[in-house]
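Okay, structure first, notes after.
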Amino acid sequence: MTDSPLIVKSKAFALEVIQACKGLRVAKCESALINQFLRSGTSIGANIREAFYAHGKADFIAKLQIALKECSETEYWIELIIESGYYHDKTLLDKCTEIKRILIASLNTAKENNNG
């Protein structure tokens, strides 16, 4: 389970979000933005981890769908902090997009396997 690329990437991403938030605090970014970004950015991995302990396929799919929603929200917060000039490194946005793509593929596979 811990070897899952989704788990590894989402945890590494969460740690990068934490570091980015530290920098945003120093840059005097609005605390509401930081708090929302931190919450959604770390929630992705937590929901993915929960999915691996789901009570069946439907619960697994539901947890991954929540992770996907959090990922999409995080993408929005990253775009805001970049476009507002508080943050300049677009690699975090790229990593978020990569996790989103993996989540979509994983959900599609899980749904196909659930219907078959």
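All of the numbers you see were taken from the coordinates with simple rules; none came from a lab. Computed from a prediction, not measured in an experiment: that's the story for all the values here. Here the Cβ positions follow ideal geometry from the backbone for every residue, glycine too, while neighbour counts run over all protein chains shown.
Structural descriptor for the chain: relative contact order 28 percent, calculated from alpha carbon pairs under 8 angstrom and at least 6 residues apart. Annotation note: GluC sites (Glu not before Pro) in the stretch 1-83 located in DSSP loop regions with a Cβ neighbour count of at most 14 within 10 Å are Glu30.
To the nearest µm²/s, what D does Stokes-Einstein give for the stretch 1-70 at 4 °C and 1.567 mPa s, using the Kirkwood radius over alpha carbon pairs as Rh?
Working: Rh = 12.8 Å.
Reported coefficient: 101 µm²/s.
Neighbours of Arg39 by Cβ distance under 12 Å: Lys/Arg scored +1, Asp/Glu scored -1, total -2. Taken about its Cα centre, the chain carries a charge dipole of about 200 debye when Lys and Arg each add +1 at the Cβ and Asp and Glu each add -1 at the Cβ. Modelled label positions at Val8 and Lys90, each set 7 Å beyond Cα in the direction of Cβ, lie 2.7 nm from each other.
Among the listed pairs Lys57/Lys90; Lys22/Lys111; Lys57/Lys100; Lys90/Lys111; Lys11/Lys57, those with a Cα-Cα distance over 28 Å are Lys57/Lys90; Lys22/Lys111; Lys90/Lys111.
For the stretch 15-55, the set of trypsin sites (Lys or Arg not before Pro) satisfying both a DSSP loop assignment and a count of at most 11 other C-beta atoms within 10 Å is given as Lys28. A Förster radius of 41 Å combined with the Cβ-Cβ distance from Ala27 to Lys69 puts the calculated FRET efficiency at roughly 0.90. Whole-Hz Karplus values for the stretch 65-70 come out as 5, 5, 4, 5, 5, 5 Hz, taken residue by residue from phi with 6.51 cos²θ - 1.76 cosθ + 1.60 and θ = phi - 60°; glycine and proline positions read x.
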